[in-house]
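These notes concern the structure reproduced below.
The values are calculated or read from the model by the stated rules, or taken from the named source; none is laboratory data. Since this is a predicted model, take the numbers as computed values, not measurements. Cβ atoms come from the backbone with ideal geometry, glycine included; neighbour counts cover every protein chain shown.
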Amino acid sequence: MLRVFLLALLAAISLQNAFADINIGTWNLEHLSVRPNKDFQSIAKVAKNVDFLAVQELMSEEALNTLATELTRQTGKHWSFMASHAVGRSTYKEMYGFVWRDDLVAYEDGAVTYLDRGDTFEREPYSARFRSLKDDTTFVVATVHVLYGKNQADRASEINALSSYWTWLKDTYPGNNQIMLMGDFNTPPNAPAWSLLDATARPLVLNDASTLSTTDGKFANLYDNVFVSKQSAIKANDVKVFKYPAYLGMTNTKARNSVSDHAPIFFRASFAEGRLAVASASRASPASAVPNPMRPATTAGPSGKNLTVAIRGNRKTMIYHRPDCPSYNTVSEKNRVEFANAAAAEAQHYRLAANCH
């Protein structure tokens with residue numbers, strides 16, 4: 001009887017966790033722009049299988065808006081979107097984007113393009129923190145489109161640099177180990193170039209292919225992937241390369257011409273670590289709210305009213321400080337630059353000081 005009870009309890013817990021999971025995807029949508037041959041209806045039909053999607057090769061914010069609008073139409077649920085600024089060394093530039101279902105996911109804070117001081121990346125990665133509205137846990141998504149270049153050496157330099165970027169992500173989003181790095185890496189996960197990142201992160205997909213071959217029904221390379229920390233409690237279930245041409249009833253040729261030459265990676269994410277943290281916080285003594293770095297900082301003014309206080313940046317270090325940060329008053333006047341809020345600072349490629357919590 002006890003065994004039956006325990007099995008039933010475990011099944012109930014598993015079912016509860018499944019209901020709290022978020023379906024996440026990453027997709028290189030090959031020059032996503034609003035043009036006659038880009039089939040947004042088909043793209044949305046695939047994308048609506050997830051609750052949150054990271055997009056690479058975005059060419060305009062208008063295209064992401066069009067995708068979000070079509071997702072809203074097809075699902076009957078409102079979708080929001082967020083796009084980076086255009087990145088790239090030459091006249092050819094791309095953007096990154098995120099789209100998500102508003103009833104399941106919310107943007108939290110920290111949207112920022114990586115400040116690539118060594119100029120290693122052709123297209124600097126983009127990241128932001130989001131909140132699952134199913135269980136009130138937060139997670140960080142970073143996305144990148146690694147340069148294909150002329151040979152493997154061109155790709156390897158950016159893959160090697162992802163180890164430093166991973167460290168930067170942990171410093172930029174302190175206290176949140178639920179970080180996922182996803183995108184088009186133009187490199188299979190078993191390549192030697194991954195040796196540096198392998199020490200701390202692991203790929204979710206090891207065997208399969210995600211680029212569409214010119215032969216109908218065939219796929220070539222495993223270039224698209226998702227990496228999570230080896231120490232993270234993120235549980236990824238139902239991880240798959242979503243072979244969308246068969247799903248849409250298209251030939252590979254038609255799919256490549258009207259949708260993308262890449263298939264998306266889809267998975268179901270369980271943020272167990274975040275749920276434990278939320279549970280611990282609810283049992284602890286009430287604490288003051290942590291300021292959201294993407295909202296204007298405020299302080300108490302006369303009559304108890306809140307007055308907006310400027311974010312303070314250091315133009316020499318390209319780091320910004322909120323008024324509650326220990327180093328806010330240490331920025332010298334000659335290097336000081338004021339912003340209305342953190343979003344304005346990050347739009348100018350400033351990043352939050354590491355000692356701001």
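Tabulated values for the structure
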| item | result |
| --- | --- |
| Among the residues listed as Ser42, Ser80, the single one being out of contact with any strand residue (DSSP E or B) (no Cβ under 9 Å at 6 or more places or on another chain) and at pLDDT 95 or above | Ser42 |
| Residue within the stretch 255-264 that is in a strand (DSSP E or B), in the same structural domain as Leu162 (by TED's automatic domain parsing) and in contact (Cβ under 8 Å) with a residue 24 or more places away in the chain present | yes |
| Residue satisfying all of: in the stretch 71-94; in a strand (DSSP E or B) and not hydrophobic (A, V, I, L, M, F, W, C); surrounded by the fewest Cβ atoms within 10 Å (Cβ to Cβ) among these | Ser80 |
| Some residue of the stretch 162-171 being in the same structural domain as Leu248 (by TED's automatic domain parsing), closer than 22 Å to Arg256 by Cβ, acidic (Asp, Glu) and surrounded by fewer than 15 Cβ atoms within 10 Å (Cβ to Cβ) | no |
| Members of the stretch 216-234 that are surrounded by 15 or more Cβ atoms within 10 Å (Cβ to Cβ) and hydrophobic (A, V, I, L, M, F, W, C) | Phe219, Leu222, Val226, Phe227, Val228, Ala233, Ile234 |
| Of all residues making up the stretch 170-228, the number that are in contact with a His (Cβ under 9 Å, 6 or more places away or on another chain) and β-branched (Val, Ile, Thr) | 1 |
| Single residue of Pro323, Pro286, Pro293 found to be crowded, with 21+ Cβ neighbours inside 10 Å, outside any helix (DSSP H, G or I) and modelled with pLDDT under 80 | Pro293 |
| The one condition in (1) acidic (Asp, Glu); (2) over 16 Å from Met182 (Cα atoms); (3) in contact (Cβ under 8 Å) with a residue 24 or more places away in the chain that Asp154 fails to fulfil | (3) |
| Hey, Tyr107 among the aromatic types (Phe, Trp, Tyr) and within 15 Å of the chain's Cα centre (by Cα) or not | yes |
| Residues that are outside any strand (DSSP E or B) and among the hydroxyl-bearing types (Ser, Thr, Tyr), drawn from the stretch 140-180 | Tyr148, Ser157, Ser163, Ser164, Tyr165, Thr167, Thr172, Tyr173 |
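Yes/no matrix, rows are residues, columns are (1) more than 26 Å from Ser260 (Cβ to Cβ); (2) part of a helix (DSSP H, G or I); (3) under 22 Å from the mean Cα position of the chain (by Cα); (4) not assigned by TED's automatic domain parsing to the domain that holds Arg123:
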position	(1), (2), (3), (4)
Gly183	no, no, yes, no
Asp198	yes, yes, yes, no
Asp208	no, no, no, no
Thr215	no, no, no, no
Asn221	no, no, no, no
Phe227	no, no, yes, no
Gln231	yes, no, yes, no
Lys235	yes, no, yes, no
